[in-house]
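No value in this document is a laboratory result; all are computed from the given coordinates. The structure presented is a predicted model; accordingly, all values stated were derived computationally and were not measured. For neighbour counting, all protein chains shown are included, and Cβ atoms are generated from backbone atoms with ideal geometry for every residue, glycine included.
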Amino acid sequence: MALQDADALFQHKIDNEIKIEPKDFMPEAYRKTNIRQISQHAHSEIVGMLPEANWISRAPSLKRKAILLAKVQDEAGHGLYLYSAAETLGTSRDEMINDLHIGKAKYSSIFNYPSLTWADMGVIGWLVDGAAILNQVALCRTSYGPYARALVRICKEESFHQRQGFDSLLVLSKGTPAQKEMCQDAINRWWWPSLMMFGPKDSESTNNDQSIKWKIKRKTNDELRQSFVDMAAEQVKVLGMVLPDEKLKWNSQKNQYDFGEINWVEFWNVVKGNGPCNKQRLAARVKAHEDGAWVREAAIAFAEKRKMKREILKEPAI
Ligand code: BYC
């Protein structure tokens, strides 16, 4: 088949909601965009474990510790599903991890902010996982099959994450004046970085148009950000707290909230590696990878030993 025909057939499939599978023809740029987005998504899950892991040993009760531990373990699982989905496009886990470690691959800006108090655990669940769900529910319909299927499971777990965060904040918001203050302070610090999770404005987004055409992205950065503001602006009322934005106001004509301008200088600064915790996060990931080298070596040695045994006994591989 001529490349032109293959390209047309590919777009026809996309237009008709037929999933693209690993062995199907795909334009090289589609493959690269998916590898970029899925691997960066995987890195975000893994780096995202760090701000919360910081509080596991300091959780205020056994119940909260068990919940947080389960959540952080879920994030590791999400990373694994996503790295596996990206590997179906012809890249390897080693390459992806190396790109993260040398600062070539990005991960979500949000994880470069410090988690200073226990209330941050609630706010990360409510706002950060809340933002992630909105984005990921849309991505469950992404055009690349393995990515879409990984996201279905991820979304189920993310909704538990968001609920546990909101539940934890609800307790603080009904607590002592100091607890209420801690809750509001955490909301103040995480609100704007959460809005930045959706990426630059559509007018500044380099990948939006093509990714929407290929249905890799199902909604634009600004559409998702607006849905998030509309959701959080209502939920914060249940907590009896406020969002730190004087311009936040219901617009009855548009049927949505108006909100203030994001500090884009801060956003790009964090994306480029100069946020409050970028260096610390990357150093922690590199150290974890190096400390885990013996596990990978042991797994390879064990697999080779089993292979040899099978060959001697002429057993079929499982
Ligand atoms: N941070 O053209 P654009 C979680 C980059 S983890 C850093 O709009 P695109 C959780 C972007 O990569 C959830 N970089 O890009 C885990 C691009 O640069 P490159 C993570 C950002 O890809 C643990 C450039 O800016 N979710 O929930 O079309 C605990 C221009 O942007 C950011 C995902 O990864 C950012 N915020 O759209 C708790 C979802 N935004 O790569 C919770 C999957 C943009 O061209 N990803 N950039 O050099 C996506 O949906 C899309 O990739 C994005 C950006 C909406 C993020």
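For the reader, a short list of remarks on this structure follows.
- Of all the residues in the range 250-267, those that are surrounded by 13 or more Cβ atoms within 10 Å (Cβ to Cβ) and part of a loop (DSSP other than H, G, I, E, B) number 4.
- Of residues in the range 192-207 being surrounded by 21 or more Cβ atoms within 10 Å (Cβ to Cβ) and part of a helix (DSSP H, G or I), the one nearest to the ligand (Cβ to nearest atom): MET196
- Note on the range 268-308: among residues that are part of a loop (DSSP other than H, G, I, E, B) and within 16 Å of the ligand (Cβ to nearest atom), the one that is surrounded by the most Cβ atoms within 10 Å (Cβ to Cβ) is GLY275.
- Any chance SER115 is within 9 Å of the ligand (Cβ to nearest atom) and either touching a residue at least 24 places away in the same chain (Cβ under 8 Å) or surrounded by fewer than 19 Cβ atoms within 10 Å (Cβ to Cβ) (or both): no
- The residue pairs whose first member lies in the range 212-232 and is basic (Lys, Arg), whose second member is outside any helix (DSSP H, G or I) and away from the ligand (no atom under 12 Å from the Cβ), and whose beta carbons are closer than 7 Å, counting only pairs six or more residues apart or on different chains, are LYS215/SER143; ARG218/ARG141.
- Residue ID - farthest from the ligand (Cβ to nearest atom), chosen from residues in the range 16-34 that are aliphatic (A, V, I, L, M) and under 16 Å from ARG141 (Cα atoms): ILE18
- Test: LYS71 is farther than 28 Å from GLY103 by Cα, in contact with a Gly (Cβ under 8 Å, 6 or more places away or on another chain) and buried (at least 16 other Cβ atoms within 10 Å of the Cβ): no
- Scanning the range 212-245 for residues that are of a type in the set (S, T, N, Q) and either part of a helix (DSSP H, G or I) or more than 9 Å from the ligand (Cβ to nearest atom) (or both) gives ASN221, GLN226, SER227, GLN235.
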